[in-house]
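Q: Here you go, one structure.
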Amino acid sequence: MMSLKPSTLHPHLLPLCNTQFPLSLPQSHSLPNPLLTNKRMPIHPRLVLAKSPNSDRSPRKTEEEKMTHEGSVTESLPNGMFRVRLDNQDTLIGYISGAIRKNYIRILPGDRVRVEVSRYDSSRGRITYRLRNTKD
């Protein structure tokens with residue numbers, strides 16, 4: 001084993017105590033070469049790679065099943081909410097979905113809309129689509 005002389009190293013990198021160089025581990029504690037452990041990216045010898053809690057589970061279940069209804073907007077409320085009367089004569093509060101908000105689609109009273117209603121709260125729904133007005 002070849003040892004380096006402390007005088008050949010940079011003095012600000014030397015430890016404060018007298019130590020023989022190079023530092024070595026006992027034979028039973030050999031560390032793998034960090035450049036050879038992973039072909040794509042070098043891994044630090046003491047780095048522990050953790051898996052996410054859901055990585056070993058089966059794929060996520062499909063999202064909650066929502067009921068889709070069509071209706072007409074009867075009233076415009078503040079903050080992008082509307083009162084919607086469905087075709088089955090139920091009334092609910094509908095709020096604008098992100099895609100409609102992002103694409104600046106204007107919804108006015110009298111427009112026909114498609115609404116997703118959660119099975120847990122049937123008094124509120126998400127307006128997902130503004131139907132085209134067909135001329136009779």
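The values are calculated or read from the model by the stated rules, or taken from the named source; none is laboratory data. Only a predicted model underlies this, so the values are computations on that prediction, with no experimental measurement involved. Please note: Cβ atoms are built from the backbone with ideal geometry, for glycine as well, and neighbour counts cover all protein chains shown. Protein only, heavy atoms only, side chains kept; ligands, DNA and RNA dropped before computing areas. Shrake-Rupley method; radii C 1.70, N 1.55, O 1.52, S 1.80 Å.
Q: Could you compute how much accessible surface Asp87 exposes when probed at 1.4 Å, giving the result in Å² to the nearest 10?
A: 90
Q: Return the long-range amide H neighbours of Asp111 (sequence gap of 5 or more, or a different chain), with a cut-off of under 5 Å between placed amide H atoms.
A: Amide H to amide H, under 5 Å and 5 or more residues apart or across chains, Asp111 pairs with Val73.
Q: Go ahead and collect, in residue order, the members of region 87-113 whose backbone nitrogen is under 13 Å from a label point 7 Å along the Cα-Cβ direction of Leu131.
A: Only 87-89, 110-113 fall inside the zone, counting backbone N under 13 Å.
Q: Then there's this: What distance in nm lies between label points placed 7 Å from Cα along the C-beta direction at Thr74 and Asp121?
A: So the two model labels end up 2.0 nm from each other.
Q: Provide the FRET efficiency to the nearest 0.05 for the Tyr104-Glu65 pair, computing r from the beta carbons and using R0 = 22 Å.
A: The pair Tyr104/Glu65 has a calculated efficiency of 0.15.
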